[in-house]
Amino acid sequence: MVALFKNFGIGEGSTGKVDGEFKKSLPKRGKYSVAPGYSQLDWARKISSGENLSGVNRPMKVSKDELKKHCTEEDCWMSIKGKVYNVTPYLNYHPAGVKKIINNSGIDATQVFMMNHAWVNEEAILRNCFIGYLT
Ligand code: HEM
């Protein structure tokens, strides 16, 4: 299975201890909980069939103007590291809730994404939701 989380040096050859300064730089964990049936494991099962959830037939170039039209719960796009994803199907699976994504949708959300969870492997999690590249 593809790793949904990136390894930040914890594992082979490391003590497993998290550096204090690094820990302080992490966001405080919230108290949001997803509905039953919407865990990351449920999402991993959903995408494992390879079903296209992007809403487009083939990758396309997306302008900033086009991107900003998609910022609602029914139609939610987000750009991360130059790639554009249709995150609508993922909304209810997001461990920190729908709003956090909606509030940053229709834009290049790379910075806020990385500030919250640089270890999250968005390319793996959203591979079935890939729309194309931000121009
Ligand atoms: C830019 C908009 C986003 C914001 C502001 C945001 C914010 C957050 C926050 C604050 C948490 C921590 C929740 C907690 O610890 O209780 C979180 C968790 C998480 N988010 Fe997001 N998120 C965003 C977009 C996304 C997207 C697009 C994905 C899918 C790739 C995603 C995947 C996850 C995952 C997997 C976790 C759990 C991480 C863990 O437990 O270590 N997030 N998010």
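The values are calculated or read from the model by the stated rules, or taken from the named source; none is laboratory data. Predicted, not measured: the structure shown is a model, and the values here were computed from it. We place every Cβ from the backbone using ideal geometry, glycine too, and count neighbours over all the protein chains shown. With ligands, DNA and RNA removed, areas are computed over all heavy atoms of the protein, side chains included. Shrake-Rupley method; radii C 1.70, N 1.55, O 1.52, S 1.80 Å.
Things to note:
- Members of the stretch 40-79 found to be surrounded by 13 or more Cβ atoms within 10 Å (Cβ to Cβ) and part of a helix (DSSP H, G or I), listed by number: Gln40, Asp42, Trp43, Ala44, Lys46, Ile47, Glu66, Leu67
- Per-region count, the stretch 1-37, residues within 12 Å of the ligand (Cβ to nearest atom), open to solvent by 60 Å² or more (accessible area, probe 1.4 Å) and modelled with pLDDT of 95 or more: 0
- Restricting Met114, Met78 to those that are within 17 Å of the chain's Cα centre (by Cα), within 12 Å of the ligand (Cβ to nearest atom), closer than 22 Å to Lys6 by Cα and without any contact (Cβ under 8 Å) to a residue 24 or more places away in the chain reduces the list to Met114.
- Going through (1) open to solvent by less than 60 Å² (accessible area, probe 1.4 Å); (2) near the ligand (Cβ under 8 Å from one of its atoms) one by one, Val84 falls short only on (2).
- Check on Asn103, open to solvent by 60 Å² or more (accessible area, probe 1.4 Å), at negative phi, near the ligand (Cβ under 9 Å from one of its atoms) and modelled with pLDDT of 95 or more: yes
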